[in-house]
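Remarks on the structure that follows.
The values are calculated or read from the model by the stated rules, or taken from the named source; none is laboratory data. This is a predicted model, so every value here is computed, not measured. Quick reminder, even Gly has a Cβ in these numbers, built from the backbone with ideal geometry, and neighbours come from all protein chains shown. Surface accessibility is based on the protein's heavy atoms, side chains included, excluding ligands, DNA and RNA. Shrake-Rupley method; radii C 1.70, N 1.55, O 1.52, S 1.80 Å.
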Amino acid sequence: MKKKALYLLFSVALVFSAGCGKNKQSITLAGSTAFQPFAEKLAEQYMTSNPGATITVQGGGSAVGIQSALSGAAQIGMADLVNLPPEAKDLSATVVARDGIAVVINPANKVNNLTTGQIRDIFNGKIKNWKEAGGADKTITVVSREAGSGTRTSFEEIITGIELVGEALIQESNGTIRETVANDAGAIGYLSHGLLNEKIKAVQIDGQDCTTECIMTQKYLLVRPIFLLTKAQPGAEVQRMIDYILSPEGQQTIQQNGLITAK
Amino acid sequence: MPVTSEKIMQRLLLAVAFSALSALLLIAVFIISQGLPFIFRYGFREFLFSSQWNPQAGKFGIFPMVVSTLWVTLGAMAIGAPLGVAGAVFLTEFVPRTVMRIIKPSIELLAGIPSVVYGFIGVMVLAPLIRDHLGGPGLSLLAGSIILGIMILPTIISISIDSIMAVPKSYREGSLALGATVWQTVRMVTLPAARSGIAASIILAMGRAVGETMAVIMVTGNSVKIPGSALEPVRTLTANIALEMGYATGMHRQALFATGVVLFVVIMILNFSASYVMRQRKARR
């Protein structure tokens, strides 16, 4: 009886391992958590039109995207940085979308416009009260992302000269930044423009709204590109996937879900 | 036929038992091999006692995190230990056994609530309460301590109950027969007799508090700064690893492993002292 059970176990294991061995066209995308939801949607569409393909999408952050494209752990790395780090110079990079970074405050806050200088001073801790930035007498709670985050790196590179104040709250995702700012009347944070909703308010930066139009016309300052990184000579399958993302259909999906198209 | 299957099962179970052990060994070796070289290269004192944590600029001082971890843990103990021990005394000495049989499992259910749910309640309920009534950003050392204090209750209560119940009935009877009240008996006979078990429960709870990550990340605000008051945000060692591991490469990654080494050592010390205290009790009998 027990022996039978063992045989059964082995045969089941065999069937499973056989299933793994059948290597169909499998592509892995890894990296930027900002682009991850879009990549998942695109992968889903791609797989519907190409039934043979298997696309896996993993997060991990931009640094992971670069690392895994370099090591080959993923065929395509995703990175959302303004400037790619030097170790990515051997990779071929394609801009597939652009993303605005919105500076957000609580809707109860009467401030509507901040200058780049004010944002720098707030995140540096030089301005500690909203009344110094045209608001009510309320302490500012600075909310930022963790060191290494693509959004934070881009934000700090564009605003320049930020040395984050020690009191700043650190949240590990766009979503938790949104929750924190929505719950704290004195908070200021920044997040991907695609994730704005009615619970938070995006401020104008130097008089420019954070809208798709202003980002397209390059009037809005805080914009970062989203790169797909591959080895210098990507395989035909990988190239087909990237071409799909750049195709009108892929770009339309990107735009419908809140990102801005590559061109 | 039965003999062979017996042997197979024996081998299989042996392999399973060793796999647990080898997992521990593997983790220990991996963390230490990844983290220790960094500590030596960067400098032990610089790493442990410098307050500058700025991975982009190559500065890796975990002192604020060490201090924050200590404060959050102490805060959690200050809240959880008196409540837990008092609860255990109440359940063993002051209510009928049937009541205890209902309440104890319900308290143990607290241990089954995922930590992310504790964190969620902390963010949604506790942090706004603190922000509105006490000030500060709400996500703070205090919020972390309260949440952890509740999370460690089941550990403290159930181990304390076991050790109080293990005190021989004759001790209590003797005390009561001499005219002591129930409270006097608890204070002067039962608690001292159960002391080592209660101490062990508190040490184990400390281990849990030090190691807890998800709930802490959600409610403490994660600022790298030595806290000036309980209302300020802090970042613990575990939170530091979990927050930054996704992005860490090179030196930064090694620094996080080194943070892991520090945590590993702290938790090892706590666990060893817990089992030492427990053994003391057995030896005394």
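Couple of notes before you dig in:
- The residue pairs whose first member lies in segment A:47-65 and is more than 11 Å from chain B (Cβ to nearest Cβ) and small (Gly, Ala, Ser), whose second member is assigned to a strand (DSSP E or B) and open to solvent by 20 Å² or more (accessible area, probe 1.4 Å), and whose beta carbons are closer than 8 Å, counting only pairs six or more residues apart or on different chains, are A:ALA53/A:SER26.
- Answer from A:ILE170, A:ILE159 - the residue that is among the β-branched types (Val, Ile, Thr) and under 15 Å from A:VAL103 (Cβ atoms): A:ILE159
- Residue within segment B:190-213 that is within 14 Å of another protein chain (Cβ to nearest Cβ) and within 15 Å of B:SER68 (Cα to Cα) present: yes
- Per-region count, segment A:99-131, residues assigned to a strand (DSSP E or B), more than 14 Å from A:ASP184 (Cβ to Cβ) and touching a residue at least 60 places away in the same chain (Cβ under 8 Å): 7
- Restricted to segment A:160-217, and to residues there that are part of a loop (DSSP other than H, G, I, E, B), among the aliphatic types (A, V, I, L, M) and under 18 Å from A:LYS126 (Cα atoms), the residue that is nearest to the other protein chains (Cβ to nearest Cβ) is A:ALA168.
- The residues in segment B:7-18 that are surrounded by fewer than 11 Cβ atoms within 10 Å (Cβ to Cβ) and either within 14 Å of chain A (Cβ to nearest Cβ) or over 28 Å from the mean Cα position of the chain (by Cα) (or both) can be counted, and the count is 6.
- For segment A:143-153, the condition of being touching a Leu at 6+ places or on another chain (Cβ under 7 Å), open to solvent by less than 10 Å² (accessible area, probe 1.4 Å), within 13 Å of chain B (Cβ to nearest Cβ) and part of a strand (DSSP E or B) holds for at least one residue.
- Selection within segment B:211-227 - more than 16 Å from B:ALA127 (Cβ to Cβ) and in a helix (DSSP H, G or I): B:GLY211
- Counting only helices (runs of 4 or more DSSP H) that sit completely within segment B:19-122, zero hold 1 or more residues that are in contact with a His (Cβ under 7 Å, 6 or more places away or on another chain) and within 14 Å of chain A (Cβ to nearest Cβ).
- Segment B:213-225, residues that are open to solvent by 10 Å² or more (accessible area, probe 1.4 Å) and in contact with a Gly (Cβ under 9 Å, 6 or more places away or on another chain): B:MET214, B:MET218, B:VAL224, B:LYS225
- Residue selected from segment A:22-69 under the condition over 26 Å from A:HIS193 (Cβ atoms) and hydrophobic (A, V, I, L, M, F, W, C), by the criterion surrounded by the fewest Cβ atoms within 10 Å (Cβ to Cβ): A:MET47
- Of all residues in segment B:51-84, exactly one satisfies the criterion of being free of Cβ contacts under 8 Å to residues at least 24 places away in the same chain and open to solvent by less than 20 Å² (accessible area, probe 1.4 Å), namely B:GLY61.
- Contact annotation: residue pairs with Cβ atoms under 9 Å, 6 or more positions apart or on different chains, pairing a residue in segment B:1-25 that is without any contact (Cβ under 8 Å) to a residue 40 or more places away in the chain with a partner that is exposed (fewer than 10 other Cβ atoms within 10 Å of the Cβ), are B:SER5/A:MET1.
- Total residues in segment A:77-90 satisfying the condition of being more than 26 Å from A:GLN204 (Cα to Cα) and either among the polar types (S, T, N, Q) or open to solvent by 20 Å² or more (accessible area, probe 1.4 Å) (or both): the figure is 6.
- If you go through segment B:186-200 and keep only what is open to solvent by less than 30 Å² (accessible area, probe 1.4 Å) and in contact (Cβ under 8 Å) with a residue 40 or more places away in the chain, you end up with B:VAL186, B:THR190, B:SER196, B:GLY197, B:ILE198, B:ALA200.
- Comparison of B:VAL99, B:VAL117 shows that the only residue that is more than 16 Å from B:GLU212 (Cα to Cα) and β-branched (Val, Ile, Thr) is B:VAL99.
- All of (1) away from every other protein chain (no Cβ under 14 Å); (2) crowded, with 18+ Cβ neighbours inside 10 Å; (3) among the small types (Gly, Ala, Ser); (4) assigned to a loop (DSSP other than H, G, I, E, B) hold for A:ALA136 with one exception: (2).
- If you go through segment A:176-190 and keep only what is in contact with a helix residue (DSSP H, G or I) (Cβ under 7 Å, 6 or more places away or on another chain) and either among the small types (Gly, Ala, Ser) or farther than 18 Å from A:ALA108 by Cβ (or both), you end up with A:GLY186, A:ALA187, A:GLY189, A:TYR190.
- Filter result for B:PHE264 (buried (at least 21 other Cβ atoms within 10 Å of the Cβ) and either touching a helix residue (DSSP H, G or I) at 6+ places or on another chain (Cβ under 7 Å) or facing chain A (nearest Cβ under 9 Å) (or both)): no
- Qualifying residues in segment A:91-108 (those that are in contact with a helix residue (DSSP H, G or I) (Cβ under 7 Å, 6 or more places away or on another chain) and polar (S, T, N, Q)) - the one least open to solvent (accessible area, probe 1.4 Å): A:ASN106
- The residues of segment B:246-255 that are more than 9 Å from every other protein chain (Cβ to nearest Cβ) and crowded, with 19+ Cβ neighbours inside 10 Å, listed by number, are B:ARG253, B:GLN254, B:ALA255.
- If you go through segment B:126-173 and keep only what is polar (S, T, N, Q) and more than 14 Å from chain A (Cβ to nearest Cβ), you end up with B:SER145, B:THR155, B:SER158, B:SER160, B:SER163, B:SER170.
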